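See structure below.
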Amino acid sequence: MKHSAFVPSPQVDQHLPNDQLAQHSISTSNYRTGMTVADLKQAFLDNLFYDQGKFPGLATQHDYYMALAFTVRDRLLQHWNHTAATYTERGSRTVAYFSAEFLMGPQLGKNLISLSIFDQVKEAITDLGLDFEMLLDEEPEPGLGNGGLGRLAACYLDSLATLEIPTLGYGIRYEFGIFQQDFQEGWQVEKTDKWLRLGNPWEIKRPEWEVEVKFGGHTVTYRDENSRYRVRWIPDQIVMGVPYDTPILGYQTSTANTLRLWTAEAPESFNFASFNSGDYLGAVYAKVISENISKVLYPNDDSSQGKQLRLTQQYFFVACSLRDMFRILLGQGIPLERFHEKFAVQLNDTHPSIAVAELMRLLVDIYHMDWDQAWSMTQRTFAYTNHTLLPEALEQWPVELFGRLLPRHLELIYEINHRFLDEVRIKFPGDEARLARLSLINDRGERSIRMAHLACLGSHTVNGVAALHTELLKQDVLTDFYAMYPHKFQNKTNGVTPRRFMVLSNAKLTQLITEKIGDQWIKSLDQLQQLEAYADDAEFQEAWREIKLGCKRDLASFIQQQTGLIVDPQSMFDVLVKRFHEYKRQHLKLLHIITLYNRIKANPDIEMIPRTFIFGGKAAPGYWMAKLIIKLINSVADVVNRDPDVRGRLKVVFLKNFNVKLAQQLYPAADLSEQISTAGKEASGTGNMKFSLNGALTIGTLDGANVEIRKQVGADNFFLFGLTTEQVYDLRGNGYCPRHYYESNPELKLVIDRIASGFFSRGDTAVFKPLIDSLVNDDPYFLLADFQSYVDCQSQVDLTFSDRTAWTKMSILNVARSGFFSSDRAIQEYCDDIWRIEPVNVDLPSSDRDSPASKLDGSPVAPS
Ligand code: F58
């Protein structure tokens, strides 16, 4: 094999010999990286002065936050550099996690936990007379994701670093993340998320590793020096991708992996030819067009809108990342043919699946590899995770749009498809319908490319994210692929990181658990099982309740601050937080609330367990029905919270702008976790796991990971209601008639009629009509069919809640049995079954070994 003229060769840099480097390695004995309280204080003041250019009299809270962030960053650079050096030296096999979204959450607190310096830093800052919590809170949320999929990627990076797996997270550095949600008269309004406005201390720009990305144009064929037929892509636009790196620390390891996010820049910011000819705007046009690519995160979390910019974003980050990986490969002297041995690439949903065609292009067109070898390497490189069962969320790109933007990739996809369909014909001769269903090209209506098919075909493994989801993929959504390649399908039930969603966010519970069973559970979550021994222990139960009450008090004051509402921490905190979608059925919760309200109105002295209903979540800006549901929640809240008959027994709170920061306050304070999607619709859910880990009990359907949560915690410790997936399918097949439920259930009828009558909308009967019509006439998500079962189950919840001992025991058992839902378990399964990768231990030089971060038995594990 010969390399052609446009082979990107690795840059040749000069390097200091390693022994020189070691001599010059920064010692931790001085305050620049020292870990004592005195060192930390001095370093903080220095950073305030030298980095922020401020003295205390003039500094803002944000200056203090920045100074503190830089102080912490100085202390992790040693880990980061040594990790990179170790991987480079050993040419380590590496996971490349390709994801259009990484919903990281604030970094400061998390890094303090990983480095085990939370307590020292808190002391240093407090000593200086500053409010440490306020500084933590000052960090803007890096909202580079919509919901579960983006947050999963972040949890997985945490576990990969903790398990010491060499990893690069690859994605897009959106200038504007997920919009900020506000309410105007109960309606959601969106505001731009300018998270980078005041700078981001956690990232380092690496302009020396920028890459060129091509778009548009056409292809030409030619014969190479051996008379072989070749294709060259002549693009009509070139954009530069510039990487920004963020360190990802493992928990109490020396590993610091990298999240590498790409920003789009114009090759030349300023066109002098245009400027000189008097075209002032034209002079910066290219810059504006190019930089649009990484400008904003698409806020749709359910449907794939065939927007050109979105495909541009996807190709942009995938092309940058693959080029970067070739730079690393060749830079480490590893032959091209071993790309798939060096890298295991995980495609987080179909968004990066264009990588299949891009890798083929690089291998065939640029490196002149023959097709069969290139295809075999490609299939051995990729694995694909599916995150949805909704057909409308499976991405398809119109052929016309695709060909305009990526003409060479379209040709390659046709060729891949051609060979694939030949294979199908051999396995299923004469089955034309199957060919049409499996084809990468959808010929129905506007011709389009099925990205999920490209991902399945180009990957060695396809996985679902919960047991039920994987079964439904096999039987339904991807059944034809399952028939072709049954060996490709695996389940990998999602997980969440206990470092963020327990150690950082629930310090008191962390401390209580650690007092009883030691601190090993933080890295081996299964050890929480030992708590079962204390489930009936009265003293332990009391301490458990006190902690929950403390978290509820904290949340209550936050609620008062944000909404002005006073809620009773002794009431049951019933929480439903997630993106808004009809299938997630936030409005089913609302039907329950109105049912209780109606009961009070009919009988004001009725006995009722006081409940605080807490909602949170954003709706896609263009998802009109979801926005109407938000409006209805706010409208019901207005009426219920003001009605004197209610006498505080019911409170409805909608906390705006649900994000990772807010989530961390909510999970520890929840008594009841609502996981009430229509069976067969939620791929997994991960909020359900975070609640259970924090001792909330779940009311839920047999959907997604709820099935496995119930199995783990025990049926007695889970409130189950509703139709099963099979029953939903049957009901749909047999002609579901929601009106029948409406007419035959007086309590349900009263609820619906109250909404329709304008009771919650100051007499306006039009505003909620579309929602009512949808429920009574169509009800695609079976709310009316599940209503009675849900309301009955909620009565059971009330009954149990009134028995404090029984409830507390169930809560303890939920935590004790949630070990399975650690992202460490999930990542270990990916490593063993999909990526076939081993950990690489990173050894800090001896001068740094005494730093607390390198101690595996590090004393303070939790913020206290
Ligand atoms: C979510 N998907 C699933 N998609 O809905 C949830 O059940 C699962 O637990 C989670 O993935 C993790 O596996 C999800 O969050 C998105 O947000 C996409 C954003 C881009 C457009 C398509 C949906």
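The values are calculated or read from the model by the stated rules, or taken from the named source; none is laboratory data. Not measured: the values here are computed from a predicted model. Neighbour counts run over all protein chains shown; Cβ positions are idealised from the backbone, glycine included. Each accessible area value is taken on the protein alone, full model and side chains, heavy atoms only, with ligands, DNA and RNA left out. Shrake-Rupley method; radii C 1.70, N 1.55, O 1.52, S 1.80 Å.
From the Cα gyration tensor of segment 678-790, with a ≥ b ≥ c the square roots of its eigenvalues, which class applies: rounded if a/c is under 1.5, or else prolate if a/b is larger than b/c, or else oblate? It would help to have the intermediate numbers written out before the result.
Details: a/c = 2.43, a/b = 1.67, b/c = 1.45.
Cα axes put segment 678-790 in the prolate bin.
Carbon and sulfur: what percent of segment 579-666's accessible surface (1.4 Å probe)?
Of the solvent-accessible surface of segment 579-666, carbon and sulfur hold 50 percent.
Which order, highest average first, do 93-99, 512-518, 670-676 follow once you tally other Cβ atoms within 10 Å for each residue and take the mean per peptide?
Details: 93-99: 24.3, 512-518: 16.9, 670-676: 26.3.
Top to bottom by mean Cβ count within 10 Å: 670-676, 93-99, 512-518.
Set the bar at 19 Å for Cα to Cα. Now go through LYS110/LYS516; LYS601/LYS651; LYS631/LYS651 and name every pair that lies beyond it.
Over 19 Å Cα-Cα: LYS110/LYS516.
Can you figure out the FRET efficiency of GLU838 with ASP753, using R₀ = 51 Å and their beta-carbon distance, to the nearest 0.05?
Given R0 = 51 Å and the Cβ-Cβ separation, E is 0.20.
Once fully extended, how much extra length lies between ASP236 and THR60, figured as 0.36 nm per residue of separation less the alpha-carbon to alpha-carbon distance?
Numbers: separation 176, 0.36 × 176 = 63.36 nm, distance 4.70 nm.
Separation in residues times 0.36 nm, less the Cα-Cα distance, equals 58.7 nm.
Among the aspartates and glutamates, which have Cα under 13 Å from the Cα of LYS809 when same-chain residues fewer than 8 positions away are ignored?
Leaving aside aspartates and glutamates fewer than 8 places away in the same chain, those within reach of LYS809 are GLU532, ASP536, ASP537, GLU539, GLU542, ASP671, ASP716.
Can you list residues whose amide H is under 5 Å from THR94's amide H, if they're 5+ apart or on another chain and H is modeled 1.01 Å from N?
Those qualifying (amide H under 5 Å, at least 5 residues apart or on another chain) are PHE343, ALA344.
Points 7 angstrom from Cα along the Cβ direction at ALA715 and LYS307: gap in nanometres?
In this crude spin-label approximation the distance works out to 4.6 nm.
Leaving ligands, DNA and RNA out of it, work out the accessible area of THR563 with a 1.4 Å probe and give it in Å² to the nearest 10.
So the heavy atoms of THR563 present about 50 Å² to solvent.
Please list LEU108, LEU58 in order of solvent-accessible area, largest first, computed with a 1.4 Å probe with all protein chains present.
LEU58, LEU108
In the chain, if the dipole is taken from +1 on Lys/Arg beta carbons and -1 on Asp/Glu beta carbons about the Cα centre, which of ILE178, TYR298, ASN491 is farthest to the positive end?
TYR298
For a test of the definition: using alpha carbon positions, the gyration tensor, and the 1.5 limit on a/c, classify segment 725-808 as rounded, prolate or oblate.
Oblate.
On full extension of the chain, what length is gained from GLU415 through GLU89, given 0.36 nm per residue of separation minus the C-alpha to C-alpha distance?
On the way: separation 326, 0.36 × 326 = 117.36 nm, distance 3.87 nm.
113.5 nm is the gain from fully extending GLU415 to GLU89.
Among the lysines, select those whose C-alpha is under 21 Å from the C-alpha of LYS295, and discard any that sit fewer than 8 residues away in the same chain.
In chain and number order, the partners are LYS191, LYS194, LYS205, LYS214, LYS287, LYS307, LYS618.
Order these peptides, 758-770, 72-84, by their mean beta-carbon neighbour count within 10 angstrom, highest first.
Numbers: 758-770: 15.0, 72-84: 20.9.
The peptides rank, most packed first, as 72-84, 758-770.
With r defined as the distance between the Cβ atoms of LEU799 and ARG732 and R0 fixed at 22 Å, what FRET efficiency is calculated, to the nearest 0.05?
Working: r = 33 Å, r/R0 = 1.49.
Approximately 0.10, to the nearest 0.05.
Kindly identify the chain as rounded, prolate or oblate by the Cα gyration tensor criterion: order the square roots of the eigenvalues as a ≥ b ≥ c, call it rounded if a/c is under 1.5, otherwise compare a/b with b/c, prolate if a/b is larger, else oblate. Walk me through the numbers before you get to the answer.
Working: a/c = 1.67, a/b = 1.21, b/c = 1.39.
Taking the square roots of the gyration eigenvalues as a ≥ b ≥ c, the chain is oblate.
Using the per-residue mean of other Cβ atoms lying within 10 Å as a proxy for protection, in what order, highest first, do the peptides 458-468, 359-369 fall?
The peptides rank, most packed first, as 458-468, 359-369.
Out of GLN107, LEU168, GLN188, whose Cα points farthest toward the positive end of the dipole of segment 103-191 (charges: +1 Lys, Arg; -1 Asp, Glu; placed on Cβ)?
The residue sitting farthest along the positive end of the dipole is LEU168.
For ASP526 and ASN276, compute 0.36 nm times the residue count separating them, minus their Cα-Cα distance, and round to one decimal in nm.
This chain segment gains 83.2 nm when fully extended.
Return the carbon/sulfur percentage of the accessible area of segment 240-360, one whole number, probe 1.4 Å, all protein chains in place.
Summing carbon and sulfur atoms, their accessible area is 55 percent of the total for segment 240-360.
With every protein chain present, what is the per residue accessible area of the chain (1.4 Å probe, Å²)?
Here the residues of the chain average 39 Å² of exposed surface.
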